[in-house]
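Everything on this sheet refers to the single structure shown next.
Read-outs: derived from the displayed coordinates by stated rules, not from any lab. Remember, predicted model here, so these are calculated numbers, not experimental data. Please note: Cβ atoms are built from the backbone with ideal geometry, for glycine as well, and neighbour counts cover all protein chains shown.
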Amino acid sequence: MNTHHPHDTGQGVGSMERGTPHRLAARQRMWLQAWTALSVLAALWSLAWAIGWITGAADSLAFAVAGLLILGAALWARRSAIRNSPPRHL
C-alpha cells in the first residue's frame, strides 16, 4: 500500500520559529482553547453548586456566585482573545 500522495510537498505544517505567522496563530489558538476550557469548567462548577443550593447544601450559593464570577471573567478573556487574534486570510 502506497501512502504517498502526489500533492504532498513534505514540508509538514510549516516553520514554527519565533515571529512566524504559523507560530503566532498556534499560540492564539492555544489561548482560545484554554479560555474556552476554563469557561466550560466554571459553567459546570456554577451549575453543580446551584443544584446544591436548590437541594439545600450549606454554603452552596456562595460557591455558585463565585463560579459565575469566574465564568464571567473567563468569557470576557475568551472574547478578548478572539478579538485580538490576527485576521484570517482565506
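Do you know which residues across region 19-68 are polar (S, T, N, Q) and assigned to a loop (DSSP other than H, G, I, E, B)? Within region 19-68, just Thr20 meets the criteria.
Filtered by the rule that a residue be surrounded by 17 or more Cβ atoms within 10 Å (Cβ to Cβ), hydroxyl-bearing (Ser, Thr, Tyr) and closer than 30 Å to Gln28 by Cα, region 38-82 gives Ser39, Ser46.
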